[in-house]
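**Student:** Here it is: the structure, laid out below.
The values are calculated or read from the model by the stated rules, or taken from the named source; none is laboratory data. Just so it is clear, the structure is predicted and the values come from calculations on it, not from any experiment. Positions of Cβ are backbone-derived with ideal geometry, glycine not excepted, and every protein chain shown enters the neighbour counts. Just so you know, the surface numbers come from the protein's heavy atoms only, side chains and all, with ligands and any DNA or RNA stripped out. Shrake-Rupley method; radii C 1.70, N 1.55, O 1.52, S 1.80 Å.
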Amino acid sequence: MNMKSKNIFTACIIIIVITIVTILALLLFFNFRNITIESAKEEELKIFKKEYESVLDGYRNYSEFVYDDVINDDSILKILYNANKNREKIDFYRDQLFNALSEIYEYISENGFRCLHFYLPDGTSFLRMHRPSNYGDSLFDVRESVRISNEDKVYIEGFEVGKISACYHFIYPLKYNDDYIGSVEISISMTTI
């Protein structure tokens, strides 16, 4: 091999080595960059999840307060009890319940809650505070949470798409003198959360 061939060979080896080193460096750089991006995304997701859970906890606590201190009161429960027992006077009891809760509904709606909705034990809508003229429809077929809450007589919460909108629901069973009289839903829209 003459000197010129050796120089060309050496130059080719150097170019190949530099190319391999450059490719490896680029691979390491992009791999590190992807790991960094994924790590940042995971960290942002953790922060978002904590913020979401914190906001949701606040609304849950507020809905519990409304349930415990306002709705789960004998004067309110007796109205729904009477509506169940005296179906011929159901409109009278619906109006009575609406009037009893109008102020509190106005207050909670100003604080982010979308609806306060009462159901009879069979899943029939008794009173929608947000749309009081719309009642009497059964929601068991379109609202699984309403069916479960009423059939099992349990508290249930979660995100669900209803007839009109998607909301996060807090549904509480209602009893009066150990008689199951239905349930009440307090919900917030997902945009509020």
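**Student:** Sort all Cα-Cα distances of the stretch 1-96 into consecutive 10 angstrom bins from zero, then give the percent of pairs in each bin up to the one containing the longest distance.
**Tutor:** Going from the shortest bin to the longest, the percentages are 12, 15, 13, 11, 10, 9, 8, 7, 6, 5, 3, 0.
**Student:** Same structure again: For the chain, please report how many Lys pairs fall under 22 Å Cα to Cα, leaving out neighbours fewer than 8 apart on the same chain.
**Tutor:** Summing the qualifying lysine pairs gives 9.
**Student:** What is the helix-to-structure angle for 90-110, meaning the angle in degrees between its Cα long axis and the longest Cα principal axis of the chain, kept from 0 to 90 and rounded to the nearest 10?
**Tutor:** Between the helix axis and the principal axis of the chain, the angle is about 40 degrees.
**Student:** So, one more: Let me check I have the definition right: for the stretch 74-134, take the eigenvalues of the Cα gyration tensor, multiply each by 5, take square roots. What are those semi-axes in whole Å, largest first?
**Tutor:** Gyration-tensor ellipsoid for the stretch 74-134: 21, 12, 10 Å.
**Student:** Going by a ≥ b ≥ c, the root eigenvalues of the Cα gyration tensor, does the stretch 117-193 fall in the rounded group (a/c under 1.5), the prolate group (a/b larger than b/c) or the oblate group?
**Tutor:** Prolate shape, in that a/c is at least 1.5 and a/b is the bigger ratio.
**Student:** When the scattering of the chain is computed by the Debye formula from its Cα atoms alone, each counted once and equally, what is log10 I(q)/I(0) at q = 0.12 Å⁻¹?
**Tutor:** -0.66
**Student:** Could you quote the convex hull projected area for the stretch 97-162, Cα atoms only and averaged over all directions, in nm²?
**Tutor:** It is 4.7 nm².
**Student:** Can I ask one more? Roughly what would the spin-label model give for F29 and F48, points 7 Å off Cα along C-beta, in nm?
**Tutor:** 2.9 nm
**Student:** Something else: Compute the angle between helix 74-85 and the longest alpha-carbon principal axis of the chain, please, reported from 0 to 90 degrees and rounded to the nearest 10.
**Tutor:** 80 degrees
**Student:** Follow-up question, since we're still on this one. Restricting to DSSP H runs of at least four residues, report the calculated mean residue ellipticity at 222 nm for the chain, -39500 (n - 2.57) per run over all residues, nearest 500 deg cm²/dmol.
**Tutor:** After summing the helix terms and dividing by residue count, I get -19500 deg cm²/dmol.
**Student:** Just order 121-129, 171-179, 83-91 by mean Cβ neighbour count inside 10 Å, highest at the front, would you?
**Tutor:** Top to bottom by mean Cβ count within 10 Å: 121-129, 171-179, 83-91.
**Student:** For the stretch 50-125, what's the relative contact order in percent, using C-alpha pairs closer than 8 Å and at least 6 residues apart?
**Tutor:** 16 percent
**Student:** Scan around Y176 for amide H atoms under 5 Å from its own, H built in the peptide plane at 1.01 Å from N, and keep only partners 5 or more places away or cross-chain.
**Tutor:** I181
**Student:** Residues of the chain: accessible area per residue at 1.4 Å, in Å²?
**Tutor:** Per residue, the chain has 62 Å² of solvent-accessible surface.
**Student:** Right, next: Below 8 Å between Cα atoms, with a sequence gap of 6+, how large is the relative contact order for the stretch 85-168 in percent?
**Tutor:** Once divided by the residue count of the stretch 85-168, the mean separation gives 16 percent.
**Student:** If you fit an axis through the alpha-carbon atoms of helix 3-66 and take the longest principal axis of the Cα set of the chain, what angle between them do you get, 0 to 90°, nearest 10?
**Tutor:** Approximately 10 degrees, to the nearest ten.
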